[in-house]
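Written below as structure tokens is the structure these notes are about.
The values are calculated or read from the model by the stated rules, or taken from the named source; none is laboratory data. Values in this document were obtained by computation on a predicted structure and should not be read as measured data. Neighbour counts are summed over all protein chains in view; Cβ atoms, including those assigned to glycine, are modelled from backbone coordinates with ideal geometry. Side chains are part of the model used for accessible areas, which takes the heavy atoms of the whole protein and leaves out ligands, DNA and RNA. Shrake-Rupley method; radii C 1.70, N 1.55, O 1.52, S 1.80 Å.
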Amino acid sequence: MAYTEAFLRNAWDEIAAARGPVPMAILLPKELRTQIATLGECPLQYMSGRLLDCEDVLAEPVCSCAICSGAVPRDAVSLPGGCSEGRHRLLMRVVAGVASEFDPELYTPGAGELSGIVSARFAAARQRRKEQRASARRVVRAAWHVRHLEASKKRTVRVETLRTSMGDTAFLEMVQEQLDRRRDKVAAGAVPAASLWQQTQRWWLSREGRRYHVGPTPPEPRLVAPVLRRALGGVGAGGTRLGAPLLPPTAVFRMPARAVAGFAAGAIDWNLARQRGLHRCHCSARLWVKVDADAGQRVPRVHVAEGHSESGLDMLDAAAMENLRTGDTVESPLRLVSLAGRVVALTGQESVALALPRPYDQFDTLLRGASPPTSVLPVGWDVTDVAERVVLFIRWTATPMASETLTLEICASEDGAWADGNELAATARLHEELARYHATSAERMGALETILLWPFRTSLRCVASVTRFVRRSYAAFADAAAPIAPFIRRCLEVLRATLAPAAARVAEPALQWATQIVERIAGVVSRGLRIMGDAAARDLRAACSFAEDAVRVSVQHARAALVAVRGRLVDVFVEVGTWRSARIAAQAGRGLLEALRRGSLPLCDLADTAGDALRMRSRSALTAAMRAARHALDVGEWAARKVASKLRFAADFWVATWAALRTALAPEQTPVVRLARVRRHHEH
């Protein structure tokens, strides 16, 4: 430490010149760090003492705790303690190391080199410490994951034991009942702690809770669209016959059980990626599962939603706890989807809502109501680890016969090894089989397109030839007529100038003669129409008077009938009661319709008379007829309003009666809500 004083003075110059806190300020006591501007001179005595403390820290051995040495136990479920390397000690080590290497001849005053070196070394030390702690956290997370798996396996064993003892139907009904009871726990009268309700409200308004305000986001349709068709036949769960027997496989691939589903999905994607135009691929699949129930293995029912993974999809676990058993068959899945290292066999779609995490799910009914917001999501089985055998049936458009179907069998080997040596060799053989079949179909499709499209292409060539001939002929004619075009244009102008005066002399007398003829014909027709209109007006006036009297009498009869019916209905409802008055109301309605029918007879006579009178088409007759019709329409509108009010009363009565009967006789039903929870870790 030959240059200790020089180092401290240069460090003080950089500390005093800095506008903010710098790492070199650790050489000052805490009480002096806020008084740098007022000190003036270098506090050499204080800085020497702090530098000695830094040298003492540098002389101490490096921390040998489990985190710093990288010896975290594999079964640790929390970060081990006892680490003495904090940020303060790291900075003291760095400052002491820089002071031991300081050389005044290599230092440039006023350039801030000491602060830069200390800052860079301190950042590197912090990064090393951060990586050590991150490695320790990965070990702890792996230990927690193992514990979650063990707990999940034990829970699956208990659940499957209960399912076997109760039966599938009774078990699923019990699970749904428990889910509904849990959602309605607080609304049904349970009194939770006030602090839990306040915590739930804060969570509900937080960023995490807002995602439960709406249904899960459906995935992009092109990622989950059905691409597989119905299989040819085979044997399903429980030995049920599904159709024709399986065709002998064209090729067999044996591999570890965990790779079966992903290998089949890759084969399907290879074919679908090579579809072009009319050359389409028709694939179907059948999948067998094998579940080790004693070891806690299960086939989770999952929903596929939009996610932030590389595939753009995310999995949600169905809360209904459905499961498959060994030997069950996933018959004709719609698609094999790969996401987050898992393979899901999609079987359909259903409306699903997100399940609130515990302990907030007991407030679900209070927060979201009896029917939470739902979305329609694809649903399927997570067959990544349980697919024992997959049979693929592949056909192309040009190979539609059953005997031409490419049948691939992908199954798990008994020793858990690749029959072809490794995954690359098996994939190469698969692509070779698929490419050979695709090449045969493509060659046949090319020949079919040539045969089927030959007439159309020939017609197009003929049309193109005719068009080309017409275009060339027109061009040749235009070139030939170009020298005589001015002569033809001059001839047309002379002919137009010669004939124009003659046409004008002939057109004017002809127009005058035609005008006189039209005026005479119009006068004769007008006098005839006036005579016929006067006669029709006299007859129509008498008919309208008769019609007004008939309408007035009909209205009086209808009003009297309505008053009688209304009084009768009121009396019956008061005296007899609601249930017996229904039958009497129906009788009163029939009487009302009969009265209206009788009252409408004069209106029919009025219509016949008006029709006879309107044949003359005179203005006065039409005016009178319109007046009578307007009056008749007013009366009809009044009668219709009365009838509508009565019919509305009867309809409301019957609707209320039927609703009361249905409510009284039908059992109380609660809406069934399909729930899905966010997957937080892999479960078996």
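Backbone amide hydrogens, once placed in the peptide plane, bring D292 within less than 5 Å of Q297, excluding anything fewer than 5 places away on its chain.
Summarise the accessible area of the stretch 83-184 (1.4 Å probe, protein heavy atoms) by the percent that is carbon and sulfur. Carbon and sulfur atoms account for 54 percent of the accessible area of the stretch 83-184. Rounded to the nearest Hz, the phi-derived 3J(HN,Hα) couplings of the stretch 465-482 under the Karplus curve 6.51 cos²θ - 1.76 cosθ + 1.60 (θ = phi - 60°) are 5, 4, 4, 5, 5, 5, 4, 5, 5, 5, 5, 5, 4, 5, 5, 6, 7, 4, where x marks glycine and proline. Ligands, DNA and RNA are left out, and with a 1.4 angstrom probe the accessible area of the stretch 131-177 is 65 Å² per residue.
Approximating the spin labels as points 7 Å out from Cα along Cα→Cβ, the H282-to-R222 distance works out to 2.5 nm. Of the trypsin sites (Lys or Arg not before Pro) found in the stretch 19-63, the ones in coil according to DSSP and having at most 13 other Cβ atoms within 10 Å of their Cβ are R19, R33. Here's how it looks for D385: its modeled amide H is under 5 Å from none belonging to a residue 5 or more places away or on a different chain.
Which sequence of T515, T498 reflects their accessible areas, 1.4 Å probe, from the largest down?
Numbers: T515 65, T498 90 Å².
Of T515, T498, the descending order of accessible area is T498, T515.
Extension gain, V252 to S48: 0.36 nm times the residue separation minus the Cα-Cα distance gives 65.5 nm. Using the Cβ-Cβ distance between E5 and R33 with R0 = 25 Å, the FRET efficiency computed as 1/(1 + (r/R0)^6) comes to roughly 0.75. Taking amide H as placed 1.01 Å from N in the peptide plane, the amide H of E350 sits under 5 Å from that of L377, V379, each at least 5 places away or on another chain. Per-residue extension of 0.36 nm, minus the Cα-Cα distance of A481 and A419, leaves a gain of 13.9 nm for this segment.
The gain in end-to-end length when the T440 to V77 segment is fully stretched comes to 124.8 nm, 0.36 nm per residue minus the alpha carbon separation. Accessible area ranking (1.4 Å probe, heavy atoms, ligands and nucleic acids excluded), largest first, for E433, E101: E101, E433. Taking the Cα centre of the stretch 1-144 as origin and assigning +1 to Lys and Arg Cβ atoms and -1 to Asp and Glu Cβ atoms, the resulting dipole is close to 1120 debye. Along the stretch 426-432 the Karplus relation, 6.51 cos²θ - 1.76 cosθ + 1.60 evaluated at θ = phi - 60°, assigns HN-Hα couplings of 5, 5, 5, 5, 4, 5, 5 Hz to successive residues, with x for each Gly and Pro. Annotation for A295 and A273: the two label points, set 7 Å from Cα along the Cα-Cβ direction, are 3.2 nm apart. Backbone phi angles across the stretch 62-78, fed through the Karplus curve with coefficients 6.51, -1.76 and 1.60 (θ = phi - 60°), yield HN-Hα couplings of 5, 4, 10, 5, 5, 6, 6, 8, x, 10, 6, x, 5, 9, 6, 9, 8 Hz in residue order; Gly and Pro are listed as x.
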